[in-house]
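Beneath this line is the structure, given in structure tokens, with notes to follow.
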Amino acid sequence: MQRAAALVRRGCGPRTPSSWGRSQSSAAAEASAVLKVRPERSRRERILTLESMNPQVKAVEYAVRGPIVLKAGEIELELQRGIKKPFTEVIRANIGDAQAMGQQPITFLRQVMALCTYPNLLDSPSFPEDAKKRARRILQACGGNSLGEAPTCQAPRREMNESSQAAPALSGGSCVRMGSYSASQGVNCIREDVAAYITRRDGGVPADPDNIYLTTGASDGISTILKILVSGGGKSRTGVMIPIPQYPLYSAVISELDAIQVNYYLDEENCWALNVNELRRAVQEAKDHCDPKVLCIINPGNPTGQVQSRKCIEDVIHFAWEEKLFLLADEVYQDNVYSPDCRFHSFKKVLYEMGPEYSSNVELASFHSTSKGYMGECGYRGGYMEVINLHPEIKGQLVKLLSVRLCPPVSGQAAMDIVVNPPVAGEESFEQFSREKESVLGNLAKKAKLTEDLFNQVPGIHCNPLQGAMYAFPRIFIPAKAVEAAQAHQMAPDMFYCMKLLEETGICVVPGSGFGQREGTYHFRMTILPPVEKLKTVLQKVKDFHINFLEKYA
């Protein structure tokens, strides 16, 4: 091998244009001949294979972006290449991405974010003063008065004293450096604003900024707190109780952490209500093979859209107190309540109203996000969790774990601040903000009722009232012949149904088997986010498809 390399090097000296090709070719041929004398070595085996990889990661499934979505992407590429289909576009109704479905951003939020990202705009008369006020407050709390990079550097109107170490107040232009990290728990003033928001929301129940952790969306907070909660082995391995149907983040994180999933079933016949007797059944059965330690609640529900009553929340809290369970309350849809008979009640508020025996003892982590509500700012990945009654030593461990990822995106933290600190009456932007917020939520309420009504007109489809959140989870009848066809394709029956729906109509929805459902029942989840006219088209296409499907497999 060394000789071959030397022969190649020998051909690399200075050459005239005419001699270069001949000498290089000759050296390469000689080197090749030498290499052929030695037997060719077999290729080294890969270190990372499906057999050697972390089995917990291999067990993770996430239906919302699963096989049906991959197929949708393939069909989109085929449409772009001019391949004819019985439709002209793929409608991705599989995920709750509001702005991808055409929802307009909230003006005030985008104004503040623009000012924070490019502070030179603070001089612009195009931005209202209340937006500038919030941007200045956020920027002054960030390292270097910056959460992003700006291409220019301008001196502020008020010069900084040469001996001063403090950052100048931003009243116009600013010397903007590269975006800075924040504290691992989040920017202090934003955590203060979150605490003030929770206090207002809960009618004066106090919230401590020190119990607030800013996160990369709610998902980051949920997976982080579960990492700390999961421990033990064998029958002492942590059991995590989740609703069925569930949002598949929970089953995915449980698989990744090698925890034990403990299913409790929501009551479909009673508008997906949570029944405490079902919780008792689930926890007693689980004690035979694990240590049930965590109870997860999604309210309003995803994918089911139910809104829990105050009495139900009281019963759940009492059950958690009785069984010594750590409560996780996923409340990202707290602004999305449409039924006039329903109202959002936070677990934190109900816990405190139940008295100190509960409020001083039940450990609770609750979550919120910029992605849902009326904001629909999925891309910023902003969120928070409030954790109460956490052991002081565990609090230190939680901050340590959060510090490993340095901090959540500071732009996402700023977006969360605007959600919890919107314009108030008397401020310049209040009227426009209120109109936009009410318009988004009003449209969602109309679309929730429209979806429920139209689905319930289709033979073989039943849809419970969509009390909240952003999805329908209708139950579908699948004939026996279709079940057999699905088995022949090695698919779950509802996956087979959804794949056929996609291939024939271009509508992408997620099979209920990806969320969990009682054996023998079939569902799919579909977002209600498309504009009203497009939603009507989607619902009509689903109706026509379903009727044809029943006829084909009758």
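The values are calculated or read from the model by the stated rules, or taken from the named source; none is laboratory data. This structure is a prediction, so every number in the text was calculated from the model and none was measured. All Cβ positions, even for glycine, are placed from backbone atoms using ideal geometry, and neighbour counts span all protein chains on display. SASA here: full protein model, heavy atoms, side chains in, ligands and nucleic acids out. Shrake-Rupley method; radii C 1.70, N 1.55, O 1.52, S 1.80 Å.
What the table shows:
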item: Positions within region 335-383 being among the hydroxyl-bearing types (Ser, Thr, Tyr), in contact with a Lys or Arg (Cβ under 8 Å, 6 or more places away or on another chain), at pLDDT 95 or above and closer than 19 Å to Arg200 by Cβ, in sequence order; result: Ser346, Ser366
item: Subset of region 247-268 [modelled with pLDDT of 95 or more, among the charged types (D, E, K, R) and either outside any strand (DSSP E or B) or touching an Asp or Glu at 6+ places or on another chain (Cβ under 7 Å) (or both)]; result: Glu268
item: Subset of region 515-533 that is within 20 Å of Asn336 (Cβ to Cβ) and assigned to a loop (DSSP other than H, G, I, E, B) - its residue that is farthest from the chain's Cα centre (by Cα); result: Pro531
item: In region 236-274, the residues that are charged (D, E, K, R) and over 17 Å from the mean Cα position of the chain (by Cα); result: Arg237, Asp258, Asp267, Glu268, Glu269
item: Filter result for Glu436 (over 19 Å from Ala72 (Cβ atoms), touching a Ser or Thr at 6+ places or on another chain (Cβ under 8 Å), open to solvent by 30 Å² or more (accessible area, probe 1.4 Å) and modelled with pLDDT of 95 or more); result: yes
item: Asn120, sole failed condition from (1) part of a loop (DSSP other than H, G, I, E, B); (2) surrounded by fewer than 21 Cβ atoms within 10 Å (Cβ to Cβ); (3) not hydrophobic (A, V, I, L, M, F, W, C); result: (1)
item: Residue in region 465-487 that is charged (D, E, K, R), over 16 Å from His546 (Cα atoms) and surrounded by 20 or more Cβ atoms within 10 Å (Cβ to Cβ) present; result: no
item: Answer from Arg157, Arg177 - the residue that is over 29 Å from Val387 (Cα atoms), in a loop (DSSP other than H, G, I, E, B) and either at pLDDT 85 or above or over 32 Å from the mean Cα position of the chain (by Cα) (or both); result: Arg157
item: Filter result (open to solvent by less than 50 Å² (accessible area, probe 1.4 Å) and assigned to a loop (DSSP other than H, G, I, E, B)) within region 269-306; result: Cys271, Trp272, Leu274, Cys290, Asn299, Pro300, Gly301, Asn302, Pro303, Thr304, Gly305, Gln306
item: Given (1) free of Cβ contacts under 8 Å to residues at least 60 places away in the same chain; (2) open to solvent by 40 Å² or more (accessible area, probe 1.4 Å); (3) farther than 11 Å from Ile106 by Cβ, index of the condition Glu428 fails; result: (1)
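Yes or no, residue by residue, for (1) open to solvent by less than 10 Å² (accessible area, probe 1.4 Å); (2) assigned to a helix (DSSP H, G or I); (3) touching a strand residue (DSSP E or B) at 6+ places or on another chain (Cβ under 8 Å):
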{"site": "Lys85", "(1), (2), (3)": "no, no, no"}
{"site": "Ala100", "(1), (2), (3)": "no, yes, yes"}
{"site": "Phe108", "(1), (2), (3)": "yes, yes, no"}
{"site": "Ala114", "(1), (2), (3)": "no, yes, no"}
{"site": "Phe127", "(1), (2), (3)": "no, no, no"}
{"site": "Lys133", "(1), (2), (3)": "no, yes, no"}
{"site": "Leu139", "(1), (2), (3)": "yes, yes, no"}
